[in-house]
């Protein structure tokens, strides 16, 4: 039976210490595709942050990006969900009122506020790690972002924000005050299932491999969920199998366990 296999990027394909993909993973995914299995990226990164040079010597059948807000398969965009201008203005108003810092992520550009309007040193230091990404201003963001990654200094502020925006947003707690927000009903899991339906092959089995909290729903929704050895305990608990860490050839071991190579 052929498989449709979804791979997270950071901490799954890419080692977060070396920022490289192990040669074993490159080799294994190439062999899996040669054996007739379909391999798809499924990442929280927006399209702006998914670049071909990240995957030297590798090809994928498709990409699910922005935590399910965009699907590209066979070179065609099958789905792209963006907050409307009205929704975006409402979100920005709430971020200011609840003193929540955020980076807004879209298909072609990402957006951040100026340093003077960032509320916390934690987020200011975090966002400066990515200065090379050439963020645009908040003022340019309405109608152009699909999701956002944010930091709240207090849980109370975030709880109030989430209650007010429960009709508009879904949230993944990324830990230590950071949260990932998507439009209501959009997730890695939902778009994984949607792509499988679009492909329309009832004989395909779905496998998903990840390491982060935003992968949990994906692992549970797949026919087979695999957690990396470097995943948190919560992610491992959601999986059917735990492979090795990235640097210990975790992807190759996972694909051997799946019997696709």
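The values are calculated or read from the model by the stated rules, or taken from the named source; none is laboratory data. Keep in mind that this is a model prediction, so the values were computed, not measured. Don't worry about glycine lacking a Cβ; one is built from the backbone with ideal geometry, like all the others, and counts go over all protein chains shown.
One table, with the values for the structure above:
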quantity: Wholly within the stretch 121-205, helices (runs of 4 or more DSSP H) carrying at least 3 residues that are on the phi > 0 side of the Ramachandran plot and touching a residue at least 12 places away in the same chain (Cβ under 8 Å); calculated: none
quantity: Test set (1) in contact with a strand residue (DSSP E or B) (Cβ under 6 Å, 6 or more places away or on another chain); (2) in contact (Cβ under 8 Å) with a residue 40 or more places away in the chain; (3) within 24 Å of residue 213 (Cα to Cα); (4) surrounded by fewer than 20 Cβ atoms within 10 Å (Cβ to Cβ) - residue 109 fails condition number; calculated: (3)
quantity: Residue within the stretch 219-232 that is modelled with pLDDT under 95 and either farther than 18 Å from residue 24 by Cα or surrounded by fewer than 22 Cβ atoms within 10 Å (Cβ to Cβ) (or both) present; calculated: yes
quantity: Which numbered condition residue 195 misses (of (1) in contact with a helix residue (DSSP H, G or I) (Cβ under 8 Å, 6 or more places away or on another chain); (2) surrounded by 16 or more Cβ atoms within 10 Å (Cβ to Cβ); (3) closer than 16 Å to residue 39 by Cβ); calculated: (1)
quantity: Yes/no for residue 10 being surrounded by fewer than 21 Cβ atoms within 10 Å (Cβ to Cβ), in the same structural domain as residue 210 (by TED's automatic domain parsing) and under 12 Å from the mean Cα position of the chain (by Cα); calculated: yes
quantity: Condition check for residue 95: buried (at least 18 other Cβ atoms within 10 Å of the Cβ), assigned to a helix (DSSP H, G or I) and in contact with a strand residue (DSSP E or B) (Cβ under 7 Å, 6 or more places away or on another chain); calculated: yes
quantity: Qualifying residue in the stretch 32-54 (condition: under 20 Å from the mean Cα position of the chain (by Cα), surrounded by fewer than 18 Cβ atoms within 10 Å (Cβ to Cβ) and assigned to a strand (DSSP E or B)); calculated: no
quantity: Residue match in the stretch 1-9 (condition: touching a helix residue (DSSP H, G or I) at 6+ places or on another chain (Cβ under 9 Å), over 20 Å from residue 200 (Cα atoms), at pLDDT 95 or above and not in a strand (DSSP E or B)); calculated: yes
quantity: Residue in the stretch 55-83 that is farthest from residue 184 (Cα to Cα), counting only those that are part of a loop (DSSP other than H, G, I, E, B) and within 11 Å of the chain's Cα centre (by Cα); calculated: 66
quantity: Filter result (surrounded by fewer than 22 Cβ atoms within 10 Å (Cβ to Cβ) and under 22 Å from residue 259 (Cα atoms)) within the stretch 15-27; calculated: 21, 22, 23, 24, 26, 27
quantity: All positions within the stretch 112-141 that are buried (at least 21 other Cβ atoms within 10 Å of the Cβ), over 25 Å from residue 79 (Cα atoms) and in contact with a helix residue (DSSP H, G or I) (Cβ under 7 Å, 6 or more places away or on another chain); calculated: 113
